[in-house]
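The values are calculated or read from the model by the stated rules, or taken from the named source; none is laboratory data. This structure is a prediction, so every number in the text was calculated from the model and none was measured. Positions of Cβ are generated from backbone atoms using ideal geometry, with glycine treated the same way; all protein chains shown enter the neighbour counts. SASA here: full protein model, heavy atoms, side chains in, ligands and nucleic acids out. Shrake-Rupley method; radii C 1.70, N 1.55, O 1.52, S 1.80 Å.
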Amino acid sequence: MYTYKHIHMFAAAVFCFAAALCPAIEAETQSEQSVALPTGFQNITLGMDAETTKNALKDNVLFGYRGERDVSLTPDTRQPIIQTDGGPYSYLRQCWFQFHNDILYIMTLNLNQEKTDYYSLFSTLCKKYGEPTALTPNKCEWRNETVILTLERPLALKYTDAKIFTSLQENAQVQKTAVEQDHDHFLESL
């Protein structure tokens, strides 16, 4: 039979084992959360100003940049946006480069579905950056403190500056409408 002393020693051994294992689990979790994600594609990186981005696009035929005619302003914020069309032999179909205060903060690459597929990109990104931090039927997301890398269906890759994006979201918070508030009250009453 087990005595009180045996049970106490067993509990102490389990506690010591768990205490030794916790730092390893915590270190693994921290390394997964701080995976170095890319801040851009080819010679275009988040944080570039509009002029530098235009020059980099001119230097890379993959994007099919045609100059100032590919630059416009967003209607609501009047911030520049660059839209390019990749050539017929490019892996890129259309690309959008969005700026906030003259800083590139979102780069969206629509990919050529005749040249690559969602599963290939998903598998490659998982091998390079680990499992996604968010996964839905329409998109997968890898995130760290500086970059949000999103793979969207049907086939788009998006690089987002996490700090600017979060700041813009916080500034755009609006009060809930009466209908939304009423809905919330109804749900709370259940």
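If a residue counts only when it is at pLDDT 90 or above and of a type in the set (V, I, T), which strands (runs of 3 or more DSSP E) contained entirely in the stretch 13-113 have at least 1 such residues? Output list reads 80-85, 103-111. Do you know which of the residues in the stretch 36-58 that are among the charged types (D, E, K, R) and open to solvent by 30 Å² or more (accessible area, probe 1.4 Å) is nearest to A162 (Cα to Cα)? The selected residue is D49. Of all residues in the stretch 77-91, those that are open to solvent by less than 50 Å² (accessible area, probe 1.4 Å) and touching a Ser or Thr at 6+ places or on another chain (Cβ under 8 Å) total 3.
All conditions in (1) modelled with pLDDT under 95; (2) under 21 Å from F97 (Cβ atoms); (3) of a type in the set (S, T, N, Q) hold for T150, with the sole exception of (1).
Among the residues making up the stretch 131-147, those that are open to solvent by less than 30 Å² (accessible area, probe 1.4 Å) and either among the aromatic types (F, W, Y) or touching a residue at least 60 places away in the same chain (Cβ under 8 Å) (or both) are W142, N144, V147. Among the residues of the stretch 96-120, those that are open to solvent by less than 60 Å² (accessible area, probe 1.4 Å) and under 21 Å from T146 (Cβ atoms) comprise F97, Q98, F99, H100, L104, Y105, I106, M107, T108, L109. Going by the structure shown, is L121 touching an Asp or Glu at 6+ places or on another chain (Cβ under 9 Å), touching a residue at least 12 places away in the same chain (Cβ under 8 Å) and of a type in the set (A, V, I, L, M)? No: the conditions fail for L121.
Before we move on, is P132 under 23 Å from Y65 (Cβ atoms) and not basic (K, R)? Taking the combined requirement at face value, the residue does not satisfy it.
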